[in-house]
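Any read-out appearing in this document is the output of simple, stated calculations on the displayed coordinates, not a laboratory observation. Bear in mind that the values here come from a model prediction, so they are computed numbers and not experimental data. A quick note on method: Cβ atoms are made from the backbone with ideal geometry, for glycine too, and the neighbour counts reach across all protein chains shown.
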Amino acid sequence: MEHLCGPKLKFWEPNQTLYTDSPDLSECFQLSVLSWIPCIYLWLASPFYILYLKRNNKGYIMMSILNRVKTVFGFILWIVCWADLFSSLHEWQQGHSKPPIYFVTPLVVGMTMLLATFLIQFERLRGVQSSGVLFMFWALSILCAIVPFRSKIIQATEKEVTDKLRFTTFYIYFGLTLAELILSCFNEKPPLFSSVVSDPNPCPETNAGFISTVTFWWFTSMAIKGFRSPLEAKDLWSLNKQDSSDVVVPQLLKEWNVEKSKAQRYALPVPGSETNHVGVAPEEVEVLLSKQKKSHQPSFLRALLRAFGPYFLIGSAFKLVQDLITFVNPQLLSMLISFTKQKGAPSWWGFTLAFLMFGSALLQTLILHHHFQYCFVTGMKLRTAIIGAIYRKSLVITNAAKRSSTVGEVVNLMSVDAQRFMDLTTFLNMLWSAPLQIVLALFFLWQNLGPSVLAGVAVMILLIPFNAVIAMKTRAYQVEQMEYKDARIKLMNEILNGIKVLKLYAWEISFKEKVLQIRQKELNVLRKTAYLSALSIMAWTSAPFLVALTTFAVYVTVDENNVLDAEKAFVSLALFNILRFPLNMLPQVISSIVQAGVSLKRIQSFLCHDELDPDSIDRKPTASEYAVTVVNGKFSWAKEDPATLHNINVMVPQGSLLAVVGHVGCGKSSLVAALLGEMEKLEGQISVRVCWRSHILTRGSVAYVPQQAWIQNATLRDNILFGKPYDERKYRCILEACALTPDLEVLPGGDLTEIGEKGINLSGGQRQRVSLARALYSEADIYLLDDPLSAVDAHVAKHIFDHVIGPEGELSGKTRILVTHGISFLPQVDNILVMVEGRVSEMGSYQDLLKQNGAFAEFLRNYSLEDIIEDDEVTEVLLDEEESFPDDALSNHTDMVDNEPVVNEARRQFMRQLSSMSMDPENPKTRSVRRRRCSERRPGEPPQEKKDQKVEKLIQAETTETGRVKFKVYWEYAKAVGPLLSVCICFLYACQNAAAIGANIWLSQWTNDAQLNRTEENVQMRVGVYAALGISQGALILANCLLCRAYSMLKAAHTTHLNMLHAILRAPQGFFEATPTGRVLNRFSKDVDTIDTLIPDNIDIWMRTFWYTVNVLLICSALTPMFLIVIVPLMMFYWWVQRFYVATSRQLKRLESVSRSPIYSHFSETVTGTSVIRAYGRNEAFVLMSDMKVDENQKSYYPGIVSNRWLGVRIEFIGNCIVLFAALFAVIGKDKLNPGLVGLSVSYALQVTMSLNWMVRMTSDLESNIVAVERVKEYSETPTEAPWEVENKKPPHDWPAQGNVEFVDYSVRYREGLDLVLRNLSLKVKGGEKIGIVGRTGAGKSSMTLCLFRLLEAAGGEITIDGVKIAEIGLHDLRSKLTIIPQEPVLFSGTLRMNLDPFDKYNDEEVWKALELSHLHKFVSNQPAQLNVECSEGGENLSVGQRQLVCLARALLRKTRILILDEATAAIDLETDDLIQSTIRTQFEDCTVFTIAHRLNTIMDYTRVLVLDKGQIAEFDTPTNLIAQKGIFYGMAKDAGLA
């Protein structure tokens, strides 16, 4: 330096700088080091920066005033610097020689200013709106110029300014640099043509300035908006381009394809090695090849790393810097403590240290949160990419592959496994960062305390296995708890689905007991978990203390000379606190890596599945007269399966109609699948081609109608259009042709009605017709129709054949291949192909095949029986079991919506209703007339909108709470826990913290012994008391956790669930019709789970952090009372930030969870319909839809991540301020404080940021979760039905003895505000009479039976049974004395015995007797478990007929005087029906029987028949009299062919 500055100017003068109250730096130091630092930074950074800008061009920004001013200032700065240079040259010429530094520095600084000016322009051309590099440069320049700024002023005040020119230029330089710094805080306009300009709601991050980006200030606008009013989906910003599916998924797929092609290269056998295979059996070659294949599977991990690794590494770099800065503060703390010991030290040292601590903490905060931001965004990209890749793959995998992974498994890959990767990215850096932190911490500790550190480390290491064992046990318990929870939810689901049956049979109590048994087991497991978690929390909280205790005790006792002073003690404590985090994280990270590894394997194996070969079918257009040709085809469903179709030769001429017939399972549908390319082609050729159409060759397009219609969850219209543009006339014509127009009138919103998942609110026939309409609308060339007529009614089938498929239909002239069972249409087709056992047995026209008298003629003989039965009854036979309701029922009863509101009561009811009307003996003539009337409407006229109001009122939208949670809810929870206990728990938390403070204050007293040289005599006592305080803290924590978790909060969980269960079972039937099952189940699963596990966790952490924060503030204020002045504004700011954050983040969480389920439901829908999507060539469109749904979800997830960063930066800023003020006040009051107390207050303050952060998070979580208490409470207060038993009104034990039933002027309605369903019924029935009840749909037949059971309460009048008014007795007393055989048999999962007799009232003998009478004896006695045979959920493992017989057996067991029979419909075959009827006639001979009849022949021998019409009695007499009267009943009997 002497060469540069000359002999006169000293470079470093300690007396002038350090040991003085007014420090200053020497002129040489100012001119050299301070001036060069910013220049060196800029010259080092610019090459990389320029390279980066060359690569990333964002567009061109127009020259703005801001830009011009910055550039001009840059030039002036350069001129100012060179003015100095020229003045030095001038002086040199004059002979006043200056040291070289006066030439070098202006030259260097001037060049740097030119570089900065160049960068300003270059950034503008590259579209950079705000420059971080230049901002840092200007900030550094100002920082370095502050020292000369001060010293020049001091010089000027003390003595005259000699060098006026340099004095002036410096202040101009300083002013301009400051101006540049301020200007670089402002943003340029966005580049021309950038997406920001066109985007309606762009993310402000894209054009946020440098400071805004660093501090996440750009998020504030959303926080404010969320605070003012709850956020909605429209308030969310668009996703950044680089995070969207369009960019992210192709990135991954590109790398994955590279991996796959590598693997294939390895898998190919080496040329020349084939000679060895001569004469080897092909199977062996296969084996050899598969061995080679296995060794080289493409690695999905490598693809992920290559796609997203570089971005993630930026985050890792941040983490590395942050780890190193973490260790700066303990060192500064030790300097601060030693500073307070020195009495004569200048006080500016202390202030410098305080501000350095603040600065390093601030830097650490910013760097840490940017590291998190990078990690979370990487996680988000991973999830998007993985979901995208899986979705794209699922559209092309073969059927064999589909078999190996079910829809549920694949949805799990998307949800669970993708989520695991997302979670892993946040912690992945801990894998190298934790060991690094541990090593550094140990190094500094060793320096501080020497080998006695090892004692502390040993304790830490011993705690690791302890925690690991607890974690393993906890996980096992969690699995067990999940099993119980699943069992409980499954049972609840059954109870809710069969609630009507439970009420009719008065079985609620039995089922309530079953639920409570499971719940008790679940709570027992939770209690065990609570014991474990109490232990682990104790270990985790006492760990730092135990470590400190052992270390200090060993340190003091090992050697007499070892003195524990404040510096050693508190610096060690700070370092131990740093150690705590990595030691705890490591086991978690490792287990989460193991889980992600499992997920990786699963995803990789799914992505390696075989894909369908798109070239297996030749689709090239040629001039051929055949549209479809198959030559020597041999097909199987999977490569390894035996062939399903052999030796297939088919040629279908252009424009002809080919019918494919054959017995069940002969391969008809497989043939269609083969033509679609869905099967593996083992031999032969297929071509699907198209004719010359006006001499232009078009590629053959195919439309496909599958056997089971595939319906999307979209509007009816979207299902038909299927992505094609809407054309009103064509659309209306197609609706007519497919007989859908009448159905639209019944649907609440016409063709804009939202169809539920899997078409739940359409009947089977309607689904099939929608599927057909979709095919028609697509205007393809070749139509593959897989048995579209089986699900529809005979009349409709005829209509569709005539108007769509047949020679006169819409499709005449197109090539059609129709699989069918309907023989009546065969004479009208061009060719018939007969399949037998996977081969084509004959093919030809109808006449030809009849002459041959081969398989076809036999097929006709088998099937024609059904066609002989009259049209009306075809329905009964053709109906498949699942489609227990023909669609016509819907189209005919357009009036039912108004008459019987129960139709709309819920989808379930709707379905029941349907099945009840399907057999309505209605005149076919009236049907067709009505149909014709519908058809006459002009195609252009949209169907009239139905009366919507009734439909919409039924299922009320679920109430969601928005805004702040009311205090009342917390009070509710406190009441459930017990108010006294709650206070007690809070008090215990305070005690445990008092113990912790005590221990630390004791430590600070202990360290002060060192100054007073009183160390030897007190060692034993000091260590002893310290240990006692610490151990009592541990004991208090343990006691508290046990009291809080294992007792009181479980008690709360138990009572809340019990109250809700009780209320739900007591709720009236109307409640279940107006509330979807899913909603009630959600309360029982998610909300109860929240109360069981999440809320106790939240409260625990919240209490701990709250008291910790209170401790810090108390200690700091007690030591330096001035601290109180600062607390108030800091806490105000804290409260303010927290309010903003909680409001916004709560709403963002809700939006995120709402937008998540559509991804998975759309996916599972797609998987079930892949063959349809592929047939219509809509892969791309569906991929786009999936991507949109994922992006929509990420749109709410991304602000959620940022909201946490935004909060973190602000809260930690408050924490850093607390550190700053604690240190400052310690410096100010250092004469009054001893070093121990300074150490105590500052080391406490260093820990506070963490707890402040957690406190806000927990407040937010607690607010989100405590709502569960409110939701559960809402259902616990459901209005109940009448009491189950009324003590003083109990009927006599043998009531009803006769079975006389009397209705007196009886009226009823479904719910308040609806019309009456039954009006003023009056009738008397004597005991033992058999009454048939008939009437059109909506006449009130079912309602009448419901009234007997009081599922509906009277609106007027009364019913008496044997002289007892049923309205006065308890519901169970009433319902247990009546028996009903309901229309649809409901069974519960459990044993058959339980299904017959849940209360164990009857002995086995009686049960077997009932089974014998109900014709189930043979079936049950053949089962190995006999009476204990398990019924699956809903009785799925029994046929519908058997289920109906089980219901009959129930009735036989109860054998009450009054039996109500809601007759079963198409669900059950005629044979079973006759069995039931005959049993009832013999067994219930002396009982009163009411039968709601659909088949009149069953009630022709009854005592009397009651005909209801519009809720009133139309006719009531013996069947013979009624027929003679020629009234309504006669009309019905005539239609049924009985009169």
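Numerical summary
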| item | result |
| --- | --- |
| Simple Cβ-charge dipole of region 1189-1288, Lys/Arg +1 and Asp/Glu -1, about Cα centre, in debye nearest 20 | 1040 debye |
| Dipole in debye (nearest 20) - region 1286-1347, about Cα centre, beta carbon charges: Lys, Arg +1; Asp, Glu -1 | 200 debye |
| For region 1019-1075 and region 433-509, distance of Cα centres in Å | 16 Å |
| Cα-derived Rg to Rh of region 40-187, Kirkwood definition | 1.03 |
| Cα lying deepest toward the dipole's positive end in the chain, options ALA1052, ALA1074, LEU353, charges on Cβ | LEU353 |
| ³J(HN,Hα), Karplus 6.51/-1.76/1.60, whole Hz, each residue of region 607-624, x for Gly, Pro | 6, 8, 4, 5, 10, 5, 8, x, 8, 5, 10, 8, 10, 5, x, 9, 7, 10 |
| Rounded to 10°, Cα long-axis angle of helix 764-777 versus longest principal axis of the chain | 70 degrees |
| DSSP-defined beta bridges in the chain - what % are antiparallel, rounded to 5 | 55 percent |
| Mean Cβ neighbour count within 10 Å, used as a protection proxy, ranking 1231-1243, 1356-1368 highest first | 1231-1243, 1356-1368 |
| Alpha carbon convex hull of region 482-553, projected area averaged over orientations, nm² | 6.0 nm² |
| Subset of LYS485/LYS1341; LYS319/LYS1232; LYS393/LYS620 violating a 32 Å alpha-carbon distance limit | LYS485/LYS1341; LYS319/LYS1232 |
| Highest to lowest packing among 259-265, 372-378, scored as the average C-beta count within 10 Å | 372-378, 259-265 |
| Rg/Rh (Cα only; Kirkwood hydrodynamic radius) as it applies to region 1148-1301 | 1.36 |
| Dimensions in Å of region 4-64 - Rg and Dmax from alpha carbons | 20.0, 55 |
| Using alpha carbons only: equivalent-ellipsoid semi-axes of region 339-491, gyration tensor based, whole Å | 49, 25, 15 |
| Antiparallel bridge percentage (DSSP; both residues within region 603-683; nearest 5) | 100 percent |
| Between 0 and 90°, nearest 10: helix 101-125 axis offset from the chain longest Cα axis | 20 degrees |
| Shape metrics for region 526-594, restricted to C-alpha atoms - Rg then Dmax, Å | 16.3, 52 |
| Residue-wise HN-Hα coupling along region 516-527, computed from phi with Karplus coefficients 6.51, -1.76, 1.60 (Hz; x: Gly, Pro) | 5, 4, 4, 4, 5, 4, 4, 5, 4, 5, 4, 5 |
| Relative contact order of region 1226-1343, pairs being alpha-carbon contacts under 8 Å that are 6 or more residues apart, as % | 15 percent |
| Debye log10 I(q)/I(0) at q = 0.17, 0.33 Å⁻¹ for region 1245-1292, Cα point scatterers | -0.71, -1.08 |
| For THR815, residues with placed amide H under 5 Å, excluding near neighbours | GLY655, TYR783 |
| Positive-pole candidate from GLN419, GLY677, LEU1252, dipole of the chain, charges at beta carbon | LEU1252 |
| Built amide H within the under 5 Å cut-off of SER1439, gap 5+ | none |
| Distance from region 1285-1325 to region 183-231 (C-alpha centre basis), Å | 69 Å |
| Rg/Rg_ref, region 1155-1237, where Rg_ref = 2.2 N^0.38 Å and atoms are Cα | 2.35 |
| Descending semi-axes in whole angstrom, ellipsoid equivalent of the chain, from the Cα gyration tensor | 76, 45, 30 |
| Degrees, to the nearest 10: 418-428 long Cα axis against longest axis of the chain | 10 degrees |
| Whole-Hz ³J(HN,Hα) from phi, Karplus 6.51 cos²θ - 1.76 cosθ + 1.60, for region 1217-1231, glycine and proline x | 5, 4, 4, 4, 5, 4, 5, 4, 5, 5, 5, 5, x, 5, 6 |
| Euclidean distance of C-alpha centroids, region 1151-1206 and region 30-60, integer Å | 43 Å |
| Residues with amide H under 5 Å from that of GLY6, placed H, sequence gap 5 or more | none |
| Cα gyration tensor shape for region 1214-1321, rounded if a/c is under 1.5, else prolate or oblate | prolate |
| Relative contact order of the chain, pairs being alpha-carbon contacts under 8 Å that are 6 or more residues apart, as % | 11 percent |
| Region 1263-1371, dipole about Cα centre (Lys/Arg Cβ +1, Asp/Glu Cβ -1), debye to the nearest 20 | 600 debye |
| Three semi-axes of the equivalent ellipsoid, region 1283-1431, Cα gyration tensor, whole Å, largest first | 33, 19, 16 |
| More than 16 angstrom apart: percent of Cα pairs within region 105-179 | 59 percent |
| Positive-end residue, the chain charge dipole about Cα centroid, Cβ charges, pick of PRO788, LEU462, LEU1396 | LEU462 |
| For region 316-368, projected area of the alpha-carbon convex hull averaged over all directions, nm² | 3.4 nm² |
| Translational D in µm²/s for region 1014-1076 (Stokes-Einstein at 4 °C, 1.567 mPa s, Kirkwood Rh from C-alpha pairs) | 79 µm²/s |
